[in-house]
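Colleague: Here you go, one structure.
The values are calculated or read from the model by the stated rules, or taken from the named source; none is laboratory data. If you're wondering where the values come from, they're calculated on a predicted model, not measured in any experiment. Here the Cβ positions follow ideal geometry from the backbone for every residue, glycine too, while neighbour counts run over all protein chains shown. These accessible areas exclude ligands, DNA and RNA; they are computed on the full protein's heavy atoms, side chains included. Shrake-Rupley method; radii C 1.70, N 1.55, O 1.52, S 1.80 Å.
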Amino acid sequence: MTQWIQAREVAGLLRPGMTVFIAGGTAEPREILNALSEQGECCAGVRFVAVSLPGINQVDFTTLNGQAQSTAFFTTPENRESIATGRTDFIPMQYSAIFDYLERDLPLDIALVQLPKPGSSSVSQGISVDFLPAVLGKAGLVIGEINRHQPV
């Protein structure tokens, strides 16, 4: 069932112990991440999993809250310190292995993604379909940030 909410309302859906997938590349939900950074208390005890690309995605999810944790598959200038301190688990994998891990091994509560404007009867994954197919069917809740500028 589709329900329309504002980016700031996502904070009320997070709970300690949850695992939240954040889409990377051009599907990163930037407005939602901005809202979460302003409401950091909601991120306490949450594990964020993302395939952040160096030079494109620039959020270290552990900075959202002192008790937030993260899993990363690439090192970036932004997450280097949290990897060194152990707040971000670094799992180096090839792309196909990341897909398999996300699809088969990762328990997932919420997926946060950026999507193009819905059509009359469907929603496209847009131009970033690298890992979304692995998580969309298994997430308990999918929250799509609509970007009217993203191509279908």
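Colleague: Quick test of your reading of the structure: P54 fulfils all but one of (1) part of a strand (DSSP E or B); (2) surrounded by fewer than 17 Cβ atoms within 10 Å (Cβ to Cβ); (3) touching a Phe, Trp or Tyr at 6+ places or on another chain (Cβ under 8 Å). Name the failing condition by number.
Modeller: Result: P54 fails condition (1) only.
Colleague: Pull up the stretch 1-20, narrow it to residues that are out of contact with any helix residue (DSSP H, G or I) (no Cβ under 9 Å at 6 or more places or on another chain) and part of a loop (DSSP other than H, G, I, E, B), then point me to the one that is least open to solvent (accessible area, probe 1.4 Å).
Modeller: Checked the stretch 1-20; the qualifying residue least open to solvent (accessible area, probe 1.4 Å) is M18.
Colleague: Spot the failing condition for L108; the list is (1) open to solvent by less than 50 Å² (accessible area, probe 1.4 Å); (2) at pLDDT below 95, and only one is missed.
Modeller: The one condition L108 does not meet is (2).
Colleague: Let me ask something else about it. How many residues, within the stretch 27-51, are exposed (fewer than 15 other Cβ atoms within 10 Å of the Cβ) and not in a helix (DSSP H, G or I)?
Modeller: Qualifying residue count for the region: 2.
Colleague: Can you tell me which residue within the stretch 112-140, out of those that are free of Cβ contacts under 8 Å to residues at least 60 places away in the same chain and in a helix (DSSP H, G or I), is surrounded by the fewest Cβ atoms within 10 Å (Cβ to Cβ)?
Modeller: Among those that are free of Cβ contacts under 8 Å to residues at least 60 places away in the same chain and in a helix (DSSP H, G or I), it is P133.
Colleague: Name, by its number, the condition in (1) within 30 Å of S122 (Cβ to Cβ); (2) out of contact with any helix residue (DSSP H, G or I) (no Cβ under 6 Å at 6 or more places or on another chain) that does not hold for P92.
Modeller: Among (1) within 30 Å of S122 (Cβ to Cβ); (2) out of contact with any helix residue (DSSP H, G or I) (no Cβ under 6 Å at 6 or more places or on another chain), the lone unmet condition for P92 is (1).
Colleague: Restricting the first residue to the stretch 22-51 and requiring it to be in contact (Cβ under 8 Å) with a residue 60 or more places away in the chain, which pairs with a second residue that is among the charged types (D, E, K, R) and open to solvent by less than 50 Å² (accessible area, probe 1.4 Å) meet a Cβ separation below 6 Å and a spacing of at least six or different chains?
Modeller: Note: pairs meeting the criteria are P29/E145; E31/E145; I32/E145.
Colleague: Just need a number here: residues in the stretch 84-111 that are in contact with a strand residue (DSSP E or B) (Cβ under 7 Å, 6 or more places away or on another chain), without any contact (Cβ under 8 Å) to a residue 60 or more places away in the chain and of a type in the set (D, E, K, R).
Modeller: Residues flagged as in contact with a strand residue (DSSP E or B) (Cβ under 7 Å, 6 or more places away or on another chain), without any contact (Cβ under 8 Å) to a residue 60 or more places away in the chain and of a type in the set (D, E, K, R) within the stretch 84-111 amount to 2.
Colleague: Regarding T71, is this residue touching a strand residue (DSSP E or B) at 6+ places or on another chain (Cβ under 7 Å) and either modelled with pLDDT of 95 or more or open to solvent by 70 Å² or more (accessible area, probe 1.4 Å) (or both)?
Modeller: Criteria met by T71.
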